[in-house]
There are 2 protein chains.
Amino acid sequence: MARELPTSLLMFIASRTASNRVFEAVRAAGFHDVTVAQARLLMGIDPDGTRLSVLAARAQVAKQTATALVDRLERTGYVERVADPLDGRARLVRMTPRALAILPHARDEEERIEQEWRDHLGADRMTLLRGALEDLREITDPYA
Amino acid sequence: MARELPTSLLMFIASRTASNRVFEAVRAAGFHDVTVAQARLLMGIDPDGTRLSVLAARAQVAKQTATALVDRLERTGYVERVADPLDGRARLVRMTPRALAILPHARDEEERIEQEWRDHLGADRMTLLRGALEDLREITDPYA
DNA sequence: CTATTATAGTTCGAGTCTGGGACTATGTGA
DNA sequence: TCACATAGTCCCAGACTCGAACTATAATAG
């Protein structure tokens with residue numbers, strides 16, 4: 001029997017496997033030029049567009065990193081930069097239809113994973129698991 | 001209220017925060033030249049040393065990546081490569097005393113996090129959370 | 001209204017991470 | 001003995017990352 005792993009590491013193991021599966025599902029759907037780092041940034045974009053600095057904060061990377069990632073995402077046609085009508089310094093990063101087309105594939109795979117986990121644990125324990133994780137956000141999510 | 005996040009993403013949020021804290025605690029203890037990628041590899045080293053290919057598999061990176069990471073870890077004095085007596089092709093990667101000195105700092109911070117989470121959720125729910133996560137390993141941990 | 005200060009974003013530069021492909025050396029099995 | 005598999009390395013190119021310095025615009029103070 002292995003030594004007891006930290007709870008956070010148990011979370012890491014499960015979440016990484018899930019993340020890999022979603023990423024693979026998106027690739028399998030034909031999106032071969034999105035990387036994990038880019039996807040992490042994409043996740044933070046609001047429907048009406050989001051400022052780069054906000055994106056950087058959400059993905060927990062430096063502004064320069066976000067600039068580089070958006071550059072690549074723009075070159076490959078997943079996002080566009082539009083002027084922010086409220087602030088002449090700022091620009092809003094918005095998803096293109098191509099990026100929006102990714103979402104259903106990602107959501108479907110997430111849905112499948114969720115169902116597999118529920119099947120494995122049973123509905124009651126899955127509900128308890130989710131509840132505990134949601135409560136933990138209060139002390140672990142810088143954006144909660 | 002925000003839309004419902006996938007369970008795996010909730011895990012990611014908590015585990016990333018925990019990971020950042022452990023990393024910061026190690027830095028604060030004076031280890032300024034270890035990176036996250038290197039730490040991930042270090043975690044996989046057994047007390048008697050571990051082959052590079054096993055390390056690569058555990059960290060889920062390519063062999064060449066593991067080679068590069070071990071190169072850096074060796075240059076900064078955290079690991080050493082020794083001949084594997086059982087296989088002339090292989091070499092065992094072993095922690096040096098310097099690497100071993102990191103462990104208590106990491107474990108202490110993990111312990112603190114664990115306690116904070118337990119305080120926040122209550123002992124019973126924390127136990128349920130851990131139990132569910134351990135069971136999920138059966139279907140999410142390639143090394144379970 | 002101007003001067004100062006703060007903020008949004010970009011560019012530059014250097015180091016790290018990553019894996020595809022090809023290679024050497026050693027072990028394994030027919 | 002010979003074919004094949006495995007452990008590890010090297011080369012290479014691209015992606016990621018951020019400190020530092022910069023431009024342009026906004027907000028604030030006097």
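Miscellaneous remarks
- Residue in the range A:16-31 that is more than 15 Å from DNA strand C (Cβ to nearest atom) and touching a Pro at 6+ places or on another chain (Cβ under 8 Å) present: yes
- Segments classed as helices (runs of 4 or more DSSP H), wholly inside the range A:1-120, with at least 3 members that are in the same structural domain as residue A:142 (by TED's automatic domain parsing) and closer than 30 Å to residue B:134 by Cα: A:7-28
- Qualifying positions in the range B:70-126 - acidic (Asp, Glu) and away from chain A (no Cβ under 14 Å): B:71, B:74, B:80, B:84, B:87
- Answer residue from the range A:125-144, given it is charged (D, E, K, R) and either over 20 Å from the mean Cα position of the chain (by Cα) or part of a helix (DSSP H, G or I) (or both) and is nearest to residue B:19 (Cα to Cα) among those: A:137
- Subset tally (residues that are crowded, with 19+ Cβ neighbours inside 10 Å, more than 9 Å from DNA strand D (Cβ to nearest atom) and closer than 21 Å to residue A:25 by Cβ) for the range A:66-82: 2
- Note on the range A:22-43: residues that are under 16 Å from residue A:74 (Cα atoms) and open to solvent by less than 40 Å² (accessible area, probe 1.4 Å) total 6.
- Sub-8 Å Cβ pairs linking a first residue in the range A:80-91 that is free of Cβ contacts under 8 Å to residues at least 12 places away in the same chain to a second residue that is more than 11 Å from DNA strand D (Cβ to nearest atom), at least 6 apart or interchain, are A:83/A:92, ordered by first then second residue.
- Residue tally, condition away from DNA strand D (no atom under 15 Å from the Cβ), out of contact with any Asp or Glu (no Cβ under 7 Å at 6 or more places or on another chain) and more than 8 Å from chain A (Cβ to nearest Cβ), over the range B:6-42: 6
- Restricting attention to the range B:83-125, the residues being within 16 Å of DNA strand C (Cβ to nearest atom) and exposed (fewer than 12 other Cβ atoms within 10 Å of the Cβ) number 6.
- If you go through the range B:51-61 and keep only what is near DNA strand D (Cβ under 8 Å from one of its atoms) and closer than 26 Å to residue B:18 by Cα, you end up with B:54, B:55, B:56.
The values are calculated or read from the model by the stated rules, or taken from the named source; none is laboratory data. Worth saying up front: this structure is predicted, and the values here are computed from it rather than measured. Glycine also receives a Cβ, built like all others from the backbone with ideal geometry; neighbour counts cover every protein chain displayed. Note: areas computed on protein heavy atoms with side chains; ligands, DNA, RNA excluded. Shrake-Rupley method; radii C 1.70, N 1.55, O 1.52, S 1.80 Å.
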